[in-house]
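Right, one structure below, let's go through it.
The values are calculated or read from the model by the stated rules, or taken from the named source; none is laboratory data. Quick caveat: nothing in here was measured; it's all calculated off a predicted structure. Every residue, glycine among them, receives a Cβ derived from its backbone with ideal geometry; neighbour counts consider all protein chains shown.
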Amino acid sequence: MESNELLQIVLFVGLLCVSTPLLGWYIARLYDESKPLRLPVLHEIEQGIYRICGIDPSEPMNWKTYAWTVILISGVGVAAAFLLQTLQHRLPLNPQHFNGVDFFLAFNTAVSFVTNTNWQAYSGETTMAYFTQMAALCVQNFLSAATAIAVVAALARGFSRKSSRSIGNFWSDSTKAVVYILLPLSIVFAFILVQQGSPQTFKPYAKATTMEGTEQIIPLGPAASQIAIKQLGTNGGGFFNANSAHPFENPTPLSNFLEILAIFLIPAALAWAFGTMVGSTRHGWVLFGAMMVLFLAGLSVSLIGENGYNPVLNVNAPMEGKELRFGTAGSALFATATTAASCGAVNCMHESLSPLSHLVTIANMMTGEVIFGGVGSGLYGMVLYAIMTVFIAGLMVGRTPEYLGKKIDAFDVKMSVIGILGSSVILMITAAIAISVKAGTSSLSAQGPLGLNEIIYAFASVSNNNGSAFGGLNANTVFYNVITAFAMLFGRFTTLFAVLAMAGSLAAKKIKPASEGTFPTDGFLFLFLLIGTVVIVGALNFFPVLSIGPVLEHLLMISGKGL
Amino acid sequence: MSAKAMDSINLFDPGLIRAAIKDSFKKLDPRVLFRNPVMFIVEIGALLSTYGLARDFLSRGNFGFDLNVTLWLWFTVLFANFAEAIAEGRGKAQAASLRQSVTGLIAHKINSYHSDTTVSKVNEQPGDCITEIGANELRMGDYVFCKTGDTIPGDGEVVDGIASVDESAITGESAPVIRESGGDRSAVTGGTRILSDCIIVRITSERGNTFIDRMIALVEGAVRGKTPNEIALCILLASLSLVFLLAVATLPAFALYVEKTTNQIGVILLSLPVLVSLLVCLIPTTIGALLSAIGISGMNRLLRHNVIATSGRAIEAAGDVDVLLLDKTGTITVGNRMAAEFIAAPGIALEYLADRAQLASLADETPEGRSIVVLAKKLFNIRSRDVADTHGHFIPFSAQTRMSGVDLVNPAGGGVSRIRKGSAEAIQRFVNERNGIVSQAVSDAVAAISRQGGTPLVVAEDNRALGVVNLKDIVKGGIRERFAHLRLMGIRTVMITGDNPVTAAAIAAEAGVDDFIAEATPESKLARIKEEQNQGRLVAMIGDGTNDAPALAQADVGVAMNTGTQAAREAGNMIDLDSNPTKLIEIVEIGKQLLMTRGSLTTFSIANDVSKYFAILPALFSGLYATTSVPGPLMALNIMKLASPQSAILSAVIFNAIIIIALIPLSLRGVSYKPSSARRILLRNIFIYGAGGLIIPFIGIKLIDMVLVAAGLS
């Protein structure tokens, strides 16, 4: 690894450590209960939205109402995204005259964007009209991220409120997330991307004549705006099929660096903001620290894999499948980040990565996307792990486990188990079905351990709402469109509902003042316990299948045998 | 059978073990085992494995390894049952002898009880108004007559008479106690025996719900419902087990795909016994097996401290307590005020004052009086003289004079010297009557002592006030350190006292309690408990009187003293048979220890999984890409260098079973516990049970593998 690559990583971690408390402070102030933040223009926009939609932002919601509202907005989102796709040939801004999207594909894509997964069974530049990209997909990029941020705000209230039935108002929480957080950041980032070379245009695809004299079509479109939110909202749905490996989506090493930073920006800040909202900024740092340690561990393994010697190919640090302008470190960093956070954008083809990187990327997703994770969803997933950690280890101090002043009872344990293990369950079931039936295996391009990787990567990706693709798997079949849509829905909403139910249960409890006898959750000890729980409870289930997938692949490679 | 004698029941008593082994088999009944989801899964696994064994035996006849594995799977279930059975067995032995004390009891029921029915009336014509019935026919509200030698047929309240009662059947304390009508000593317990006199008792509990009945049910574990934490833990363990079940159940699909697409069909070990072994090793069997034994033994530990909890929930709550309300008298201070110092008036030798004070107290049998004698002896080595030798005439304390003392005949002749001790006002009067005056220094000393919460006792000889004796509440030795420990554990102590705020503050400071309620009334106690609870804290208190009942009921952990009233005993959720107010601290410690044991073994159990993967996975998959001479690449995971796939799997299963047996003593005894801050306790337990849980199985499995190889079993 070259020194500038190392510098890139150090700079990345350093910037994140600076941005986290700044943006975290901003978010915490935004959702502050006593004196919420008001910014001049943004406040007017926010109030305007309430007026137009007839929303009373102060109306209290209990967890069930909150959850039903999430269902409502998600259901409407799926329906709208579905209709916009299937009817795009009748709608404006379709310069390439694409037909309406096929039924199953449109359904799969609608579910995919609403669940913040952005699994793409389609190829953007040959399927979607500009209007579809903007109105169906880009809108859901904002809404799905805002929904998860709202849930974090509700969860934080579960801890900060006492003997309360309400956990806030979903409309207010999500509107604030869009207006104050996602929109401003996206606008700024889109301008940077345009400056770096991403297109933002309604013009039809350009025609060019190559040096050989053949005609080439160069896809264009309003790309920069969508790329900005796909990174910031950890959505990951590329404008073009090649995603951030495409020169228009990710033109330069600088844009590459910023895109990776954008993935972690909000999830990291939310950890800090959550800690502050529940009255323990130190705990926010502990959550951030656990995420960072897990991320760096994965990154190290991935870098070892990418820079290692491949005896089968007889090369060092193979570049096959990677973009030269990003290099091995830029690719490994992007791959680790995009799978750790449930972004799903890619800047290289993951199947071309080393077996160790396969292991890291798959394991990152299997932990339930809590290593920074998706915007909002990563943090609430990590809080579920924290509750499980508190419960397992907390008994060891000799009292009923408490987390942030709230007693953890059977209901909370049940919810954290459902939230954490729900996606594992659906992953195992759907992957086992897919690998056992012809409709599943016929989509695979590889066999043996690598074929197994293709399939477990795909299902780890959809059931944990990551959305990145390994490559090699033909996902646009009826079988895959249906089963992955099911996995995405199940993975997203079991966790989300478990979190809301728990927020409701916690808000109703009293707050127990901390004492010397309280299980400490704001120090290094808890940080490592949390990591231990993520690894042992979250990932260990998958150790058997991983050992005949990426682990076997790696061992075969270093023995020089190949697959 | 006494509670104290329970100590003597040996864990490894052969009779107990024999009974427990028998019970282990009885508990194999799926309807019983169903309540423990983790072990239920193991049993189903063992059944499946047995089925696979039988099927394969019919087809191939080669079954050495499968038989071994299957046997050990059954052992795993049996060991878990054994852990529970042995914990219950200890209780059963206790229950059996308790039950003996109440079988076949005869009750003398009073036919028609009126408010004027008295012991003496019944004694006059016993034949007329008494019917002999079996104790089990008694109903609540019946009145029974009990005389010397009778065993009291049921729980009740003395409505007339006074008797000395032997309660050793329950408390293990052989010294008789007095039970009398009215006041705070009116409660009697069924199964206890009257040593002298007669009483009339109103039965206050239904048959089957008496104290002894409840005690029997408790020690037998029959009513031991799962506690909140236990339920939560069960949910966690069951869910983890379910996910592992799914992981193992889906594994063949993935494995078969790899086999098929690489043309290596049949190289992965996927027989039923192997898959079941993998599952059983991964699910948290250790804690699943020991969970109920831990709960039962918590109850037993409490019982060994002579405390009876009405539910497991109460013990658990004791571990969570944030605030202890403690009565000053008897808990923080020794029961009575004691002489702590002599302050002499100007011109009087301190030793002289001590000598006179001792003389004045020689015949005073009150604890205060005796403490003066003792203090004088301690400070100045003034030996307590025989009352008769002094030729003195003793003046006992009277409410009118508010003084006591002695009139000494001067042996040299010359009259009588009158020595008195008493309250400042009384002595003032006494001295003034004899034309003396109490000096300003003495008055100052009196005021100072009062301010500090002591009781000043002025000593005078004729017309001279000699000085003052300071009677103080004596804080119990070691209590300060205990409170410091409690503070370390995050528990605040609040002293309840009837004293005025000044006195209370002085004692509170000396004892090191965090707070106090002075001039306490039942209302102020109740209000304080509610206030603490509103702030999210859990409160424990101990009490005995009827006026304590509301507070005991309101407290999260209410410990009633056995000597207390029936009302107090009903209101609390624990009863301290020793009636020792300091017991509350031990109860809290037992509660904490119970939770810690549970948490430690859970952590241990989950941490164990890591090593088992490294034992079983290479065994399962080493056939992939293997050549005749070289095992497959996944053999690299065999970091323990276990001899063969079969011995690896068998070793893991055997370790998994044996660790249950090995940890039974720990789960019955509880993890060792020293009061300390949560941070330190956590660090220590993480180190022992977390890190230990990661490392120990690596060593254990390797050792078992070596034994298996040496024994030629693999």
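Report the residue count in region A:294-320 for those that are in contact (Cβ under 8 Å) with a residue 40 or more places away in the chain and in contact with a Phe, Trp or Tyr (Cβ under 8 Å, 6 or more places away or on another chain).
The qualifying residues number 1.
Quick check: is even one residue across region B:474-484 within 14 Å of another protein chain (Cβ to nearest Cβ) and part of a helix (DSSP H, G or I)?
Yes, that holds for at least one residue.
Could you say whether any residue in region A:168-177 is surrounded by 24 or more Cβ atoms within 10 Å (Cβ to Cβ) and within 30 Å of residue B:537 (Cα to Cα)?
Within region A:168-177, one or more residues are surrounded by 24 or more Cβ atoms within 10 Å (Cβ to Cβ) and within 30 Å of residue B:537 (Cα to Cα).
Keeping to region B:136-164, report how many residues are more than 31 Å from the chain's Cα centre (by Cα), within 16 Å of residue B:205 (Cα to Cα) and of a type in the set (A, V, I, L, M).
3
Does region A:393-444 hold any residues that are within 7 Å of chain B (Cβ to nearest Cβ) and among the basic types (Lys, Arg), and which are they?
Across region A:393-444, the qualifying residues are A:399, A:414.
Identify all residues within region A:104-132 that are among the polar types (S, T, N, Q), crowded, with 24+ Cβ neighbours inside 10 Å and more than 19 Å from the chain's Cα centre (by Cα); write none if there are none.
A:132
Identify the residue in region B:634-653 that is surrounded by fewer than 24 Cβ atoms within 10 Å (Cβ to Cβ) and not small (Gly, Ala, Ser) and, among all such residues, is farthest from the other protein chains (Cβ to nearest Cβ).
B:646
Please indicate, with yes or no, whether at least one residue in region B:312-328 is surrounded by fewer than 18 Cβ atoms within 10 Å (Cβ to Cβ) and more than 14 Å from chain A (Cβ to nearest Cβ).
So far as region B:312-328 goes, no, none of its residues is surrounded by fewer than 18 Cβ atoms within 10 Å (Cβ to Cβ) and more than 14 Å from chain A (Cβ to nearest Cβ).
Would you be able to tell me the number of residues in region A:207-220 that are within 16 Å of residue A:124 (Cβ to Cβ) and outside any loop (DSSP other than H, G, I, E, B)?
2
Out of region B:1-40, which residues are buried (at least 19 other Cβ atoms within 10 Å of the Cβ), modelled with pLDDT under 85 and small (Gly, Ala, Ser)?
Those that are buried (at least 19 other Cβ atoms within 10 Å of the Cβ), modelled with pLDDT under 85 and small (Gly, Ala, Ser): B:2, B:3.
Name the pairs: first residue in region B:577-594 and under 15 Å from residue B:541 (Cβ atoms), second residue of a type in the set (Ser, Thr, Tyr) and buried (at least 22 other Cβ atoms within 10 Å of the Cβ), Cβ to Cβ under 7 Å, at least 6 apart or on different chains?
Pairs that qualify, where the first residue is under 15 Å from residue B:541 (Cβ atoms) and the partner is of a type in the set (Ser, Thr, Tyr) and buried (at least 22 other Cβ atoms within 10 Å of the Cβ), are B:581/B:331; B:582/B:331.
Please note which helices (runs of 4 or more DSSP H) are completely contained in region B:207-324 and include at least 1 residues that are within 24 Å of the chain's Cα centre (by Cα).
So the answer is B:211-220, B:228-261, B:285-304, B:312-320.
Report yes if some residue within region A:274-293 is at positive phi, buried (at least 24 other Cβ atoms within 10 Å of the Cβ) and not aliphatic (A, V, I, L, M); otherwise report no.
No - not one qualifying residue is present in region A:274-293.
Here is a check on your reading of the model: is residue A:390 within 10 Å of chain B (Cβ to nearest Cβ) and either crowded, with 24+ Cβ neighbours inside 10 Å or in contact with an Asp or Glu (Cβ under 6 Å, 6 or more places away or on another chain) (or both)?
no
Are there any pairs, at least 6 apart or on different chains, whose C-beta atoms fall under 6 Å, with the first in region B:501-518 and β-branched (Val, Ile, Thr) and the second surrounded by fewer than 19 Cβ atoms within 10 Å (Cβ to Cβ), and if so, which?
Sorted first by the residue in region B:501-518, then by its partner, the pairs are B:517/B:524.
State whether the residues of region B:495-502 include one that is out of contact with any His (no Cβ under 9 Å at 6 or more places or on another chain) and within 14 Å of chain A (Cβ to nearest Cβ). Reasoning before the result, please.
Going residue by residue through region B:495-502, those that are out of contact with any His (no Cβ under 9 Å at 6 or more places or on another chain) are B:495-502.
Now drop any that are not within 14 Å of chain A (Cβ to nearest Cβ), which leaves none.
No, there is no match, as no residue in region B:495-502 is out of contact with any His (no Cβ under 9 Å at 6 or more places or on another chain) and within 14 Å of chain A (Cβ to nearest Cβ).
So, restricting to helices (runs of 4 or more DSSP H) that lie completely within region A:395-470, which ones have at least 1 residues that are surrounded by fewer than 23 Cβ atoms within 10 Å (Cβ to Cβ), free of Cβ contacts under 8 Å to residues at least 60 places away in the same chain and more than 25 Å from the chain's Cα centre (by Cα)?
A:410-436, A:438-441
Hey, does region B:654-676 have a residue that's assigned to a helix (DSSP H, G or I) and more than 32 Å from the chain's Cα centre (by Cα)?
Yes, because at least one residue in region B:654-676 is assigned to a helix (DSSP H, G or I) and more than 32 Å from the chain's Cα centre (by Cα).
Find all pairs meeting these conditions: Cβ atoms under 6 angstrom apart; at least six residues apart or on different chains; first residue within region A:30-57 and of a type in the set (Asp, Glu); second residue surrounded by 10 or more Cβ atoms within 10 Å (Cβ to Cβ).
Within 6 Å, the pairs are A:46/A:175; A:46/A:179.
Could you look through region B:444-460, keep only residues that are in contact with a strand residue (DSSP E or B) (Cβ under 9 Å, 6 or more places away or on another chain) and over 17 Å from residue B:357 (Cβ atoms), and pick out the one that is surrounded by the fewest Cβ atoms within 10 Å (Cβ to Cβ)? Quick ask: steps written out before the conclusion?
Applying the first criterion (in contact with a strand residue (DSSP E or B) (Cβ under 9 Å, 6 or more places away or on another chain)) to region B:444-460 yields B:445-450, B:452-460.
In the following step, the residues that additionally are over 17 Å from residue B:357 (Cβ atoms) were identified as B:447-448, B:450, B:452-453.
Details: B:447: 12, B:448: 14, B:450: 15, B:452: 17, B:453: 22.
Ranking the candidates gives B:447 first.
Counting only residues that are within 14 Å of chain A (Cβ to nearest Cβ), crowded, with 18+ Cβ neighbours inside 10 Å and either in contact with a Pro (Cβ under 9 Å, 6 or more places away or on another chain) or closer than 14 Å to residue B:574 by Cβ (or both), how many does region B:518-537 have?
Residues that pass the stated criteria total 2.
Return yes when residue B:180 is surrounded by fewer than 20 Cβ atoms within 10 Å (Cβ to Cβ), farther than 30 Å from residue B:612 by Cα, modelled with pLDDT under 90 and acidic (Asp, Glu) and no when it is not. Walk me through it before giving the result.
Values: surrounded by fewer than 20 Cβ atoms within 10 Å (Cβ to Cβ): yes; farther than 30 Å from residue B:612 by Cα: yes; modelled with pLDDT under 90: yes; acidic (Asp, Glu): yes.
Here the answer is yes, as residue B:180 does meet what is asked.
What do you reckon, is residue B:253 without any contact (Cβ under 8 Å) to a residue 24 or more places away in the chain, within 25 Å of residue A:389 (Cβ to Cβ) and small (Gly, Ala, Ser)?
Details: without any contact (Cβ under 8 Å) to a residue 24 or more places away in the chain: yes; within 25 Å of residue A:389 (Cβ to Cβ): no; small (Gly, Ala, Ser): yes.
Taking the combined requirement at face value, the residue does not satisfy it.
From B:460, B:465, grab the single residue that is free of Cβ contacts under 8 Å to residues at least 60 places away in the same chain, under 27 Å from residue B:343 (Cα atoms) and assigned to a strand (DSSP E or B).
On inspection, the qualifying residue turns out to be B:460.
Which condition number in (1) more than 7 Å from chain A (Cβ to nearest Cβ); (2) under 23 Å from residue A:446 (Cβ atoms) is the one that residue B:272 fails?
(2)
Residue-by-condition table, conditions (1) facing chain B (nearest Cβ under 8 Å); (2) buried (at least 20 other Cβ atoms within 10 Å of the Cβ); (3) part of a loop (DSSP other than H, G, I, E, B):
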residue	(1), (2), (3)
A:513	yes, no, yes
A:525	yes, no, no
A:533	no, yes, no
A:541	yes, yes, no
A:560	no, no, yes
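Select, from A:487, A:503, A:475, A:498, the only residue that is closer than 23 Å to residue B:254 by Cα, in a helix (DSSP H, G or I) and more than 7 Å from every other protein chain (Cβ to nearest Cβ).
A:487
Considering only region B:678-696, state which residues are more than 8 Å from chain A (Cβ to nearest Cβ) and of a type in the set (D, E, K, R).
Passing the criteria: B:680, B:684.
Of the residues that make up region B:656-677, is at least one within 13 Å of chain A (Cβ to nearest Cβ), surrounded by fewer than 16 Cβ atoms within 10 Å (Cβ to Cβ) and free of Cβ contacts under 8 Å to residues at least 24 places away in the same chain?
Yes, region B:656-677 has at least one match.
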